[in-house]
Each structure stands twice: as structure tokens, then as C-alpha cells.
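See structure below.
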Amino acid sequence: MIKEGSILINSILKIENLEVHYGPVISLRGVTLSVRIGQSVSLLGANGAGKTTLLKAISGILLPSKGSISFKGKSILDIEPASIVSEGLAHVPEGREIFPLLTVKQNLMLGAYSRSNQVKVKKDMDRVLYYFPDLCKFYNMEAKILSGGQQQMLALGRALMSKPKLLLLDEPSLGLSPIIVKEIFSILNKFQKDLGLSILLVEQNAKLAFDLSDYVYVLELGRVAMSGSKENVQNSRDIQEFYLGMHQDSQLGKKRWKNRKTWR
Ligand code: ATP
């Protein structure tokens, strides 16, 4: 629980009935979800389900047409993305979006650009380099020479430099080798334990999502199709067939999710 003014809250993020449009096209249709303090929540869903759109709406990059988003008990709907970061919400986007011509150090310092206490910034820089010793080796070199895995570490490190309370992670495993993915997810686990971070993770790799998360939402065509503790969601037959590759033939000998076309 944290205290905001005179109110005690236990959800760091609360979203209700969120709708987002791209022009006339609706992308999110009444999404409601929450992330508790210190909790790791995963968002699963097929391509185009709306996962990236949801993260962009939370970090203020997209303006919802309806619904509410509150962070630490306060609405962040009318707040600029940069101020949302200063409030403690960091977004690690799909594709990392690092600056290739800036050095590793400059990329990391961008995460701390709104912070004034340089002593604390230096302490956090030391911590990032402790978590990601690879970044130390290339500290004063241009980020373009980093491998894909190191770039993902840089993007995570940059997010940590803003001193977040909640991390939004968009497919951190994308395009990386299984060994690097394992390393990155073990560091994410450490973040959560050492720093008490809350995490909202978008991940196509359901196994990774279940390993990291306490709670899971499944998005389908812009709606929450299923949600529950990771044990409950993991045991659903649809999830086992669609995401975990465990084939359980139905009476007709066909995959259930293919027959029904939807899980709702
Ligand atoms: P993926 O795993 O492929 O990234 P996703 O679940 O993150 O998929 P989104 O990228 O959020 O899905 O897309 C949700 C829907 O919004 C899709 O139908 C997509 O085509 C549409 N969409 C996304 N970005 C735009 C855009 N800039 N303009 C128009 N439609 C968009």
C-alpha cells in the first residue's frame, strides 16, 4: 500500500474502460486492468490485439477517446509523456529505440534528464552498470556497435535511470537469442526483487511471461478476453494450445481455439 494524499492505495496502475482509436479505427475496446504495487503483470495476445497500443496510451503517447488511467492513485490522462516519466512510469518500447550515434553513457543519461540530484543519478548509474556489466565495456562508445541483446540492456538501463516505480516492457525478447533472453529475464527478476518494481510486460513468448508474472491478461481484438493468476491462466486449455504448444485434441480432433475463433 502507498499513501497518496490522504488515500491509501494498493494498485500502482488502474485502467478502466479504455478506448483508443487510430482515426476512425478502434484499437482498444473498453480495456480494464490493474497492476498492484510490486506486482508483475503480463499482457498476452496475438499480433494486432492491441498490446502496444495499450502501453502507448499508458505512457501518454496516444490519447484515449474514452476511459481512465490512474497511476499511484492519480489520473495521468492529461499529463505530458515526459511528466509521466518523472512521476515514476518508464516505458521500454518495442524495438528498443536507443540513439545509435550517442554513446552508451549519453543514452543512459537521457533516462535521467529530468532529475536534478546528481549524487543520486550517479548512484543509479553505478547500479545500472552493476546489473549490466556489458554496458561498462562500451560506456564511452557509440551505441550503434552494441549487439541486439546489449541494446535491449541499454534500453532497460535507460529506463532504470529515470528511477521508475512501474516499468512498461514491450516485447523485450524480440529478435534475441534464447541465451540472451534468459539473461535479460533473470535481470528483470532481480529488478523486481531488489527494487520492488512493478512491471507490466507485453510478451509473445508465454513461457517467459508466466515465469516473470503473478497475474496475466489476454487481449483479443482490443478487448480483455481472459485474466487471472498465472496458475489459472496457464491451466486454461486455450492458452496451453495457443501459447504453450501443448496439443489437446477436442472431440472433433481439431484445435479448440480454431473452432471457436475466439476465447470469449
Ligand atoms: P504486435 O504484437 O503485432 O505488436 P499488438 O497487440 O501490439 O500487436 P497493436 O500494435 O497495438 O497490436 O495494434 C492494434 C491494432 O491497431 C491493430 O489492428 C493495428 O493494425 C492497429 N494499429 C496499430 N498502430 C496503428 C497506426 N499507427 N495506425 C492505424 N492502425 C494502427
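Only the coordinates and a few stated rules stand behind these numbers; no lab work does. Computed from a prediction, not measured in an experiment: that's the story for all the values here. Backbone-built Cβ (ideal geometry, glycine too); neighbour counts: all protein chains shown.
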Review point. Any residue at all in the range 50-63 that is in contact with a helix residue (DSSP H, G or I) (Cβ under 6 Å, 6 or more places away or on another chain) and part of a strand (DSSP E or B)?
Key: no
Exercise for review: Starting from the range 162-188, take each residue that is under 22 Å from GLN106 (Cα atoms) and touching a residue at least 24 places away in the same chain (Cβ under 8 Å) and list its partners that are among the acidic types (Asp, Glu) and not in a strand (DSSP E or B), counting only C-beta distances under 8 angstrom and pairs at least six apart or across chains.
Suggested key: LYS163/ASP124; LEU169/GLU203; PRO172/GLU203
Practice item. Filter the range 42-69 down to residues that are hydrophobic (A, V, I, L, M, F, W, C) and more than 13 Å from the chain's Cα centre (by Cα) and give me whichever is nearest to the ligand (Cβ to nearest atom). Key: ALA49
Check your understanding: Within the range 80-100, can one find any residue that is within 16 Å of the chain's Cα centre (by Cα), touching a residue at least 60 places away in the same chain (Cβ under 8 Å) and exposed (fewer than 15 other Cβ atoms within 10 Å of the Cβ)?
Key -> yes
Check your understanding: Would the range 16-24 turn up any residue that is within 14 Å of the ligand (Cβ to nearest atom) and part of a loop (DSSP other than H, G, I, E, B)?
Key -> yes
Practice item. Please tell me if LYS193 is over 14 Å from the mean Cα position of the chain (by Cα) and within 25 Å of GLN39 (Cα to Cα). Key: yes
Check your understanding: For residues in the range 165-189 being closer than 17 Å to HIS91 by Cα and within 16 Å of the ligand (Cβ to nearest atom), which is surrounded by the fewest Cβ atoms within 10 Å (Cβ to Cβ)?
Key -> LEU174
Practice item. Assess whether LYS72 counts as being more than 18 Å from ALA155 (Cβ to Cβ), away from the ligand (no atom under 16 Å from the Cβ), basic (Lys, Arg) and over 15 Å from the mean Cα position of the chain (by Cα). Key: yes
Exercise for review: Taking the residues in the range 111-139 that are surrounded by fewer than 15 Cβ atoms within 10 Å (Cβ to Cβ), in contact with a helix residue (DSSP H, G or I) (Cβ under 6 Å, 6 or more places away or on another chain) and in contact (Cβ under 8 Å) with a residue 24 or more places away in the chain as candidates, determine which candidate is farthest from GLU87 (Cα to Cα).
Suggested key: TYR139
Exercise for review: Would you point out the residue of the range 201-223, among those that are of a type in the set (Val, Ile, Thr) and either assigned to a helix (DSSP H, G or I) or within 12 Å of the ligand (Cβ to nearest atom) (or both), that is farthest from LEU167 (Cα to Cα)?
Suggested key: VAL218
Point to revise | Check on SER227, in a loop (DSSP other than H, G, I, E, B) and on the phi < 0 side of the Ramachandran plot | key: no
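Residue by residue through the range 47-68, note down the ones that are among the hydrophobic types (A, V, I, L, M, F, W, C) and surrounded by fewer than 16 Cβ atoms within 10 Å (Cβ to Cβ).
Passing the criteria: ILE61, LEU63.
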Point to revise | Identity of the residue in the range 28-41, crowded, with 20+ Cβ neighbours inside 10 Å and within 13 Å of the ligand (Cβ to nearest atom), that ends up farthest from SER198 (Cα to Cα) | key: LEU28
Practice item. Kindly establish whether LEU156 is touching a residue at least 60 places away in the same chain (Cβ under 8 Å), buried (at least 17 other Cβ atoms within 10 Å of the Cβ), aliphatic (A, V, I, L, M) and in a helix (DSSP H, G or I). Key: yes
